[in-house]
1. On the given criteria, is A:TYR129 crowded, with 21+ Cβ neighbours inside 10 Å, at the interface with chain B (Cβ under 7 Å from one of its Cβ atoms) and within 21 Å of A:ILE376 (Cβ to Cβ)?
2. Consider A:ARG195 carefully, then state whether it is charged (D, E, K, R), at the interface with another protein chain (Cβ under 7 Å from one of its Cβ atoms) and out of contact with any Cys (no Cβ under 7 Å at 6 or more places or on another chain).
3. Restricting attention to segment A:179-188, report how many residues are in contact (Cβ under 8 Å) with a residue 40 or more places away in the chain and at the interface with chain B (Cβ under 7 Å from one of its Cβ atoms).
4. Looking at segment A:6-20, which of its residues are surrounded by 22 or more Cβ atoms within 10 Å (Cβ to Cβ) and within 25 Å of the chain's Cα centre (by Cα)?
5. Being farther than 24 Å from A:ARG194 by Cβ, away from every other protein chain (no Cβ under 14 Å) and not in a loop (DSSP other than H, G, I, E, B) is the filter here; which residues of segment A:344-386 pass it?
6. For segment A:238-316, which fully contained helices (runs of 4 or more DSSP H) count at least 2 residues that are touching a strand residue (DSSP E or B) at 6+ places or on another chain (Cβ under 7 Å), within 25 Å of A:ILE132 (Cβ to Cβ) and among the aliphatic types (A, V, I, L, M)?
7. Looking at A:PRO215, A:PRO176, which one is in contact with a Ser or Thr (Cβ under 6 Å, 6 or more places away or on another chain), within 11 Å of chain B (Cβ to nearest Cβ) and more than 30 Å from B:ILE206 (Cα to Cα)?
8. Would you point out the residue of segment A:295-327, among those that are of a type in the set (S, T, N, Q) and free of Cβ contacts under 8 Å to residues at least 40 places away in the same chain, that is nearest to the other protein chains (Cβ to nearest Cβ)?
There are 2 protein chains.
Amino acid sequence: MTDETHDPSAVSWVDGAGPGSDFPVQNLPLGIFSEAKGLRRPGVAIGDYILDLVSAADLLDEEWREDLSQPILNAWLSRGPETHRALRQRLFELLTDERYRDDLEVHLIGQSEVRMHVPCLIGDYTDFYVGIHHATNVGKQFRPDNPLLPNYKYVPIGYHGRASSVRPSGEPVTRPRGQRKPPDAETPDYGPSRRLDYELELGMWIGRGNDLGQPIPIGEAGEHIAGFCLLNDWSARDLQAWEYQPLGPFLAKNFLTSVSPWIVTADALEPFRKALPPRAQGDPQPLPYLDDPSDRASGGLAIQLEVTLTSARMRSEGIAPHVLSRGSADAAMYWSAAQIVAHHSSNGCNLQPGDLIATGTLSTDSDEGLGSMLEISRGGKQPLTLPTGETRSFLEDGDEVTLRAWCEREGAVRIGLGECVGRVVPPA
Amino acid sequence: MTDETHDPSAVSWVDGAGPGSDFPVQNLPLGIFSEAKGLRRPGVAIGDYILDLVSAADLLDEEWREDLSQPILNAWLSRGPETHRALRQRLFELLTDERYRDDLEVHLIGQSEVRMHVPCLIGDYTDFYVGIHHATNVGKQFRPDNPLLPNYKYVPIGYHGRASSVRPSGEPVTRPRGQRKPPDAETPDYGPSRRLDYELELGMWIGRGNDLGQPIPIGEAGEHIAGFCLLNDWSARDLQAWEYQPLGPFLAKNFLTSVSPWIVTADALEPFRKALPPRAQGDPQPLPYLDDPSDRASGGLAIQLEVTLTSARMRSEGIAPHVLSRGSADAAMYWSAAQIVAHHSSNGCNLQPGDLIATGTLSTDSDEGLGSMLEISRGGKQPLTLPTGETRSFLEDGDEVTLRAWCEREGAVRIGLGECVGRVVPPA
């Protein structure tokens, strides 16, 4: 599905929507915003602006207006890909054709003037673990000779996370308290986490759902993914190490999850799909319910990823953010987005519009592409040094972590996912 | 807080609300019901009837009516215990005083004539693991010498479950498909679970929530619990054994969770509270954030529990349900309801009105009080025999499992939680 909305020569009449922007007219992600005293409502990002879809509703199909005037996008997402493509085509037309400029300019608001919100009421948030290098790196810290468990290459491992504490980029990261038991301590105590970490992940927003008891076949899974975002799965490693047996991480994770606010549609990412790498020799083929020719041909996502850190001192001294990692999603993911969705519903579990599903930490196999401090500092044993000379094994109060993602290749216009930011503050 | 609403001599004028009923006037649980073509709306159980709180709204405080006319009880639950007590007192007055009989009888509907629903829109569902004998029994199957992990007596272990697949009692239990890898198989395959099981649990409905970053102190935790229900955490043991490392159970559980439809309030259970047993010698005292004098004095719930099974053949031959277990909640729970809530929010995680929190499987330390087939059949090694001569290691298609719970003691009127039923059907 490449059509005129991917035409690399198309340019919007909106300022700042040119090459290099995260939000050219080939992107057109939806989000929920509000002005100082205004209601939450849907908008589309274009350049440095948001087109207000409520005030501009006269220019849209009448049949879309109710769902595009809600403070959450669940109903809109439930409509499925055909309708989403029709909106994309209409917005592309409006934002490239100079004749609409006078009508539409009044409905543009600077992105810096609004507040962005989590775009959906999240029924369920699920976190997967498809970053095989992350799983290997973490596994090595516990089992040097056998880092990956026997199920990893058969089962897209995932678990349920906390929906209530998913917050938009920019919300403060309050250092959680919890039970901490260092290996040399006899008993645990309760206090602020000493090993606060971030995790670089992608999120998927579910569009159309499925009924309970009706698995989504792998060949249809892509049609259920409305779009993507960045996601930071903030993690308290000391709480995690002590609590996670036998039922998995809980309080180590559910104090906060941050998402970038824009739903970058599967359509916008279409030019950046690529074949999944063939399974390495010795690796099992996916079971049939996880195997699909079209997914094999185009299930990979060539999304570039970057994480930076700024300490309080760096900010006060005007020092630029320090790059913690650079990598790409397709180099990190052992299972594709479609495999994740097919597996999640393979037992009949019902996904619902607006559900959030994350990939798990996306690390590449190189030291430059590690998606968490746990990996970068080798479990705290090799602190990194910031430009100020400060060192970090884990995050300190005042540290700000920024996730960024974008797609670019010859012959296509660069598409951005925006950014996902959080700054650590001490507990109240 | 015992008041006139616990007066054992009080009797309702409603038929069937006498001694032995699950729903005497000392109970008064809320639920959401609908008639054949009617809307979902709140009602209160009394004897064999439901009092329709929408049609009877004129007799209630005007200020309550909006929240008590919704199709979900979230807004009502958010109001907190004072308001809930005021409704309880008003309903008690209306349903015991003969003078209201003529006005109210028209608003009574037979429970057998309605359909009950999940009473809240569940923002998050969390499952704990506080049944120490269950944890020990299951642990023994994996680690005979060391069944309980080192964190168990410090951390109320819990994990997030699936909100979308929580269903009311009576919904069919579709046998899930998934990856199965018997110990003697080289590789897994995908097909219907061969080890389908139930788990006997209590559920708690959260009333008032807490803000993100603001833990609920243990001394206030009880005020955040609006009420209790029965919960069946259906489990596919073969899927679970293969998938659960390292992030916990996922598809083995999230295909269905059944709840009894009535929210039995903390107030109704007040006469059945008891002291928590002191920690056994050698067991650690709870950390201060989990320790509270009033919880120690009255945090135990003397709730009787029973599980029965009926096979298709037993039904066709008219044979009575077979009792699988009988026990009590206070004999099963290592951590109290208040400790569960305090721990869940101890890292700042925000609970919301209508959240569902389950205890985990409640087994006693005797063979008569085991809360799952996994325990009864010793992991499938010792099948049980039904009155028909049929044997069961796990559940077969057509099997119906019924959970029941009630409280009784000298000097108080018996209170029931109702029942939670599910019948296994083959996958589509």
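1. On the way: crowded, with 21+ Cβ neighbours inside 10 Å: yes; at the interface with chain B (Cβ under 7 Å from one of its Cβ atoms): yes; within 21 Å of A:ILE376 (Cβ to Cβ): yes.
Spelling it out, A:TYR129 is indeed crowded, with 21+ Cβ neighbours inside 10 Å, at the interface with chain B (Cβ under 7 Å from one of its Cβ atoms) and within 21 Å of A:ILE376 (Cβ to Cβ).
2. Working: charged (D, E, K, R): yes; at the interface with another protein chain (Cβ under 7 Å from one of its Cβ atoms): no; out of contact with any Cys (no Cβ under 7 Å at 6 or more places or on another chain): yes.
No; evaluated as a whole, the condition is false for this residue.
3. Residues of segment A:179-188 that are in contact (Cβ under 8 Å) with a residue 40 or more places away in the chain, as a first pass: A:179-182, A:188.
Pick out the ones that are also at the interface with chain B (Cβ under 7 Å from one of its Cβ atoms) and you get A:179, A:188.
Total meeting the criteria: 2.
4. Step one: of segment A:6-20, the residues surrounded by 22 or more Cβ atoms within 10 Å (Cβ to Cβ) are A:12, A:14, A:17.
Residue satisfying the conditions is A:ALA17 alone.
5. A:ASP367, A:GLU368, A:GLY369
6. Details: elements: A:266-269, A:293-298, A:312-316.
Passing ranges, in order: A:266-269.
7. Values: A:PRO176 fails: more than 30 Å from B:ILE206 (Cα to Cα).
After ruling out the rest, the residue left standing is A:PRO215.
8. Of all residues in segment A:295-327, those of a type in the set (S, T, N, Q) come to A:298, A:304, A:308, A:310-311, A:316, A:325.
Among the residues that remain, those that are also free of Cβ contacts under 8 Å to residues at least 40 places away in the same chain are: A:298, A:316.
Working: A:SER298: 24, A:SER316: 25 Å.
Taking the candidates together, the pick is A:SER298.
The values are calculated or read from the model by the stated rules, or taken from the named source; none is laboratory data. Quantities reported herein were computed from a predicted structural model and do not represent experimental measurements. As a convention, Cβ positions derive from the backbone with ideal geometry for all residues, glycine included, and neighbour counts pool all protein chains shown.
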